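Inspection log for the structure reproduced underneath, given as structure tokens.
Derivation of every value follows stated rules applied to the coordinates shown; laboratory data play no part. Keep in mind that this is a model prediction, so the values were computed, not measured. Cβ sites come from the backbone with ideal geometry, for glycine too, and all protein chains shown count toward neighbours.
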Amino acid sequence: MPDSGSSHVRAARKMLADRLREMCKDAGLDGKQLAALCGWHPSKVSRISTAKTAPSAEDLLAWCRACGREDQAADLVASLRAVEGMWVEWRRMERAGLRAQEAVLPLFERTYWFRAYSSWLVPGLLQTHGYTECVLRAVQQRRVPVDDVADAVAVRMERQRVLRERQRRFAFLLEQSVLSNGLGDADAQAEQLERLIRVGAAPNVSVGIVPSRLGRTRMPVEGFWIFDTAQVNVELVSGHLTLTQPSEVAMYADTFAVLADMAVYGPKARALITAAIDALG
């Protein structure tokens, strides 16, 4: 699994550069010949082919035309757009406030199979009003100059309506440590844990708890959401990562499946949640 968004983007840029270099080789061209056909300085070809400089869409079209592979242009431009949209720093996303999260609503509305794993917080769709307020207030105080927490909480509560639409399926996995992460006071924690039990009883919702125990075969990873089989969103300390390449989506789906096999459900999950409630005193 990737350990940072920026390194993941670098890897994606290198893959795009490798495709361009291979195309040039297959066309029987060297860098100087390609540059001449495109009307560029040879150093530009070198920078693009080694991923030191990101190409523009126009650069990709010229490259494909020079190699006689204009049929590849649309796919390469789509790959470029995917790389450009992969990584967004929190400070950019939240510059105008926390209501920026409204942007994900269309994604939620077109998704019918949600899979979410969290190693540090209760996932947003499962949060109570009080728990959400604690989470967003902590975020706002740490990195967001605009105080629109009340509006942002309302947006997140409205988004939860998708849970009531029975044609959608939801699978949530939480590390056991999430049940006692100390967010808010005891009342807020108890209310949140009780909601986990209630929502987990819905026919279209599965809530699994990955127990904290010795000898586990997969350690906790960064929290992530899988939307159908089309997209993965990963929340890291420094920013928000969006993955759409099928191989990357499949990697997270495989990780989710491994963690799901380690989790407990039904009465066993409820017992862990109830124990966390009782520990609140």
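For helix 57-66, what angle does its Cα long axis make with the longest principal axis of the chain, in degrees from 0 to 90 and rounded to 10? Helix 57-66 and the main axis of the chain meet at about 40 degrees.
Here the range 5-87 is treated with +1 on each Lys and Arg Cβ and -1 on each Asp and Glu Cβ, and its dipole about the Cα centre works out to around 360 debye. The residue list Q245, G130, V178 was ranked by how far each Cα lies along the charge dipole of the range 94-278 toward its positive end, using unit charges on Cβ atoms, and Q245 comes out on top. Segment A154..R69, full-extension length gain: 25.6 nm, with 0.36 nm per residue of separation and the alpha-carbon distance subtracted.
Relative to one another, the C-alpha centroids of the range 18-65 and the range 145-210 are positioned 49 Å apart. Think of it as helices only: each DSSP H run of n ≥ 4 in the chain is worth -39500 (n - 2.57), and spread over all residues that comes to -16000 deg cm²/dmol at 222 nm. State the percent of C-alpha pairs, over all pairs in the range 5-87, separated by a distance greater than 14 angstrom. Cα-Cα pairs of the range 5-87 separated by over 14 Å account for 58 percent.
Above 24 Å, the calculated P(r) of the range 165-281 contains 34 percent of its Cα-Cα pairs. Placing unit charges on the Cβ atoms only, positive for Lys and Arg and negative for Asp and Glu, gives the chain a dipole magnitude near 380 debye about its Cα centre. Only alpha carbons enter this Debye calculation for the range 110-170, each as an equal point scatterer, and the log10 of I(q)/I(0) it gives at q = 0.12, 0.18, 0.20 Å⁻¹ is -0.34, -0.71, -0.83. Counting only alpha carbon atoms, the long axis of helix 186-200 and the longest principal axis of the chain meet at about 70°. Among beta bridges identified by DSSP and lying wholly in the chain, the antiparallel ones come to about 55 percent.
Projecting label points 7 angstrom from Cα along Cα→Cβ for E58 and A138 puts them 4.8 nm apart. Modelled label positions at A201 and V258, each set 7 Å beyond Cα in the direction of Cβ, lie 3.5 nm from each other.
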